[in-house]
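Here is the structure we will look at.
Rule-based calculations on the coordinates, nothing more; no lab input. This is a predicted model, so every value here is computed, not measured. All Cβ positions, even for glycine, are placed from backbone atoms using ideal geometry, and neighbour counts span all protein chains on display.
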Amino acid sequence: MNDKIVVFIDLWFLHFGISKFLKEKWDGEIYAILDVEEKARKFFEKQKIVNFQKVWYYLDHVSKNTKVDYDYLKKFEERYGISLWNIAFSERLFYQYNPFHKFRDFEILSIIEQEIKFYESILDEIKPDYLALMVPTSHHQQLLFEICKARGIRILMLTPVRFANRIMISEDVNVISGFKGKIIKETKGTKTFEELQSYLKKYDSSQKIDEVKKKGFESHIFERYKAILKFFFSSQTPSFKKRYSGIGKTRSKYFCIKFSNFFKKKIRTSFINKNFLYKINSDTPFIYFPLHFEPERVLLMDNARYYSNQIAIITNIAKSLLVGYKLLVKEHPAMKIGGWRDISFYKQIMDLPNVYMVHPSVSSEEVIKKCSLLITIAGTSAIEATFYNKPSISFTDQIYCILPSIHRIKTLEELPFAIKKSLKVKIEPSDLEEYIRLIDENSFEFNIFGISSDFAYRFGLKGAIMDVELSESKVRQFLKDYSDEFKKLAIEHIKKLSSDNVLLK
């Protein structure tokens, strides 16, 4: 019998493109869960590009409800070993980051209950061998991932490897397939740190993000404000009203929040410019903590959920410093997009003794080069520090934690000892060279940011309503323009399927 894949498709279309080219090369069955809005659904109902065995629409099965079957949810947790409140807290719109609606307990559990029943009905019906999806960024994607994993369904997940434009297909976001433990390099490497830095510059995340901004809405003011106007003057579709992200998002609230944020951003910018450090004095040794962007996937999901309070983490680092060291905290430059954080957040950090805020315009590379040690919750900066011969401490298991110079801390009580130990670490460039080899062998180049950005710009996917008409001819043209990239993705999936003895055409 042919193997079966369920693909999770949202409006970024990557897995639609993968499905098209996978169909041409692979003898299996492809099913689709579609998480799209009203207008996009019309495209999928009529399109002739990909012939799925069957499709399901997420919004047909999940809506706001007030009735919760608590016994059903308790039995689900026991059967699968999945903590549902852990899943719920990973959703940025359920907690802390939603200015439009405060979800109550029963609303959250009602939505999750409907999602579970929806997913279980699909899995029971077709009994798939594989689930293909992007790294989950919302709770309902994470929930599907967890259920499939618990059922023994193989995961084909497009996962970034912390170097821009390189991704892997993995069952775990933080693990290189088949590799466990720490890197142990018995033979001496051939490259210096300076030579290895060319690899970092080639896959520099900040540079790639800038390229996306030039191509996307951030560099097109007219298009950005057109998306806002669209929300005010277009009718709200039934799917928008059903989706949990649309609850409470009225035009009046949206206008008030946008208007308020405009002035808040100016006030916060002024505060940052007046109070943050522009120059890094390396006369006094310091430890560096770069703030995470919020809301961000790595803080809300996986094993970072219990360390998402950055002020609490910074406070504990400050308590654990050795005499003679200070702590520098740098704001993430991308927070500018959301209007920066509240001034009270910065003041809490600045009120801590021996702790200083660094201006977001200061180069992260400059701070890393001058620091003695870098500490992060789950950030890419830890691997970047290794390229500059700097040790790191990570609060969570990340793909880079296999490097001997990166200490994965297990408890807060361990922090003073971990700092003292890490400051004495000697980094071997051969370890980093081996890490790069492992990454290259288990990942491939793919311009995921550029392709997603171009798709958003072409079809106007920006703003409060992510609902647009999708012309089949324009979608075909998009897939044609990026056919080489989508063929590569399909081939990489086939490699994974081939390893499980799946027949190829």
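Packing, taken as the mean count of other beta carbons within 10 Å per residue, orders the peptides 17-23, 198-204 from highest to lowest as 17-23, 198-204.
In this rough spin-label picture, where each label sits 7 Å from Cα along the Cβ direction, the T66-K117 distance is 1.7 nm. Label point of R79 set 7 angstrom out along Cα-Cβ; within the stretch 132-163, amide nitrogens under 18 Å from it belong to 143-153. Taking amide H as placed 1.01 Å from N in the peptide plane, the amide H of I393 sits under 5 Å from that of L374, I375, T376, H407, each at least 5 places away or on another chain. May I ask you to derive the FRET efficiency for K474 and S498 from their Cβ-Cβ distance with R0 = 35 Å, giving the value to the nearest 0.05? The calculated FRET efficiency here is 0.60. Computed about the Cα centre, the dipole magnitude for the stretch 1-142 is approximately 440 debye when only Lys and Arg (+1) and Asp and Glu (-1) carry charge, each at its Cβ. For the peptides 24-34, 383-393, the ranking by mean Cβ contacts within 10 Å, running from highest to lowest, is 383-393, 24-34. Applying 0.36 nm per residue to the separation of S363 and K253 and subtracting their alpha-carbon distance, the gain on full extension is 35.9 nm. Dipole size of the chain about its Cα centre, with +1 on Lys/Arg Cβ and -1 on Asp/Glu Cβ: approximately 1540 debye, rounded to the nearest 20. Taking each residue as 0.36 nm, the span from D105 to K264 lengthens on full extension beyond its C-alpha to C-alpha distance by 54.2 nm. Magnitude of the charge dipole for the stretch 312-466, about its Cα centre and with charges confined to Cβ atoms of Lys, Arg (+1) and Asp, Glu (-1), is about 640 debye.
The slack between T411 and I491, meaning 0.36 nm per residue of separation minus the straight C-alpha distance, is 24.6 nm. Centre-to-centre, using Cα atoms only, the stretch 77-97 and the stretch 254-268 are separated by 31 Å.
According to the Kirkwood expression over distinct Cα-Cα pairs, how big is the hydrodynamic radius of the chain, in Å? Intermediate results must be reported in sequence, preceding the final value.
Numbers: mean 1/r = 0.0405 Å⁻¹.
Over the chain, the inverse of the mean reciprocal pair distance is 24.7 Å.
Take the Kirkwood radius over Cα pairs of the stretch 108-199, plug it into Stokes-Einstein at 20 °C and 1.002 mPa s, and you get 133 µm²/s for translational diffusion.
Hey, what number do you get for the chain at 222 nm if only DSSP H runs of n ≥ 4 count, each worth -39500 (n - 2.57), divided across all residues, to the nearest 500?
On the way: 21 runs with 232 residues, N = 505.
Value at 222 nm, helices only, nearest 500: -14000 deg cm²/dmol.
The antiparallel fraction among DSSP beta bridges confined to the chain stands at about 15%. Across the stretch 100-132, the residues whose backbone nitrogen lies under 15 Å from the label position 7 Å along the beta-carbon direction of S245 are 100-101. Sequence-ordered 3J(HN,Hα) estimates for the stretch 400-412 from the Karplus curve with 6.51, -1.76 and 1.60 and θ = phi - 60° stand at 7, 5, 6, 6, x, 7, 10, 8, 8, 7, 9, 9, 5 Hz, glycine and proline given as x.
Estimated from the Cβ-Cβ distance and a Förster radius of 35 angstrom, the FRET efficiency linking D484 and E195 is about 0.70.
For the stretch 238-389, the residue among M350, F259, V329 whose Cα projects farthest onto the positive side of the dipole built from Cβ charges is F259.
What is the stretch 36-177 by shape, rounded, prolate or oblate, if you read a ≥ b ≥ c off the alpha carbon gyration tensor as root eigenvalues and call it rounded for a/c under 1.5, prolate for a/b larger than b/c, and oblate otherwise? It is rounded, given that a/c, with a ≥ b ≥ c, falls under 1.5. The residue among I155, I439, S471 whose Cα reaches farthest toward the positive pole of the charge dipole of the chain, with charges on the beta-carbon of Lys, Arg, Asp and Glu, is S471. Ordering of 7-14, 148-155 by packing is 7-14, 148-155, highest average first (other Cβ atoms within 10 Å, averaged per residue). For the stretch 241-349, what does the alpha-carbon gyration tensor say about shape, rounded, prolate or oblate, given a ≥ b ≥ c as the root eigenvalues, a/c under 1.5 as rounded, and a/b over b/c as prolate? Judged from the Cα gyration tensor, the stretch 241-349 comes out oblate (a/c at least 1.5, b/c at or above a/b).
For the stretch 314-327, putting each phi into the Karplus relation 6.51 cos²θ - 1.76 cosθ + 1.60 with θ = phi - 60° gives couplings of 4, 4, 5, 5, 4, 5, 9, 5, 7, 4, x, 10, 10, 10 Hz, in residue order, rounded to whole numbers and with x for Gly and Pro.
The phi torsions of the stretch 359-365, fed into the Karplus equation with coefficients 6.51, -1.76 and 1.60 and a -60° offset, translate into couplings of 5, x, 6, 5, 4, 4, 4 Hz, rounded to whole numbers, with Gly and Pro shown as x. Taking amide H positions as modeled 1.01 Å from N, with prolines and chain starts lacking one, the residues under 5 Å from K4 and 5 or more places away or on another chain are E29, D129, Y130.
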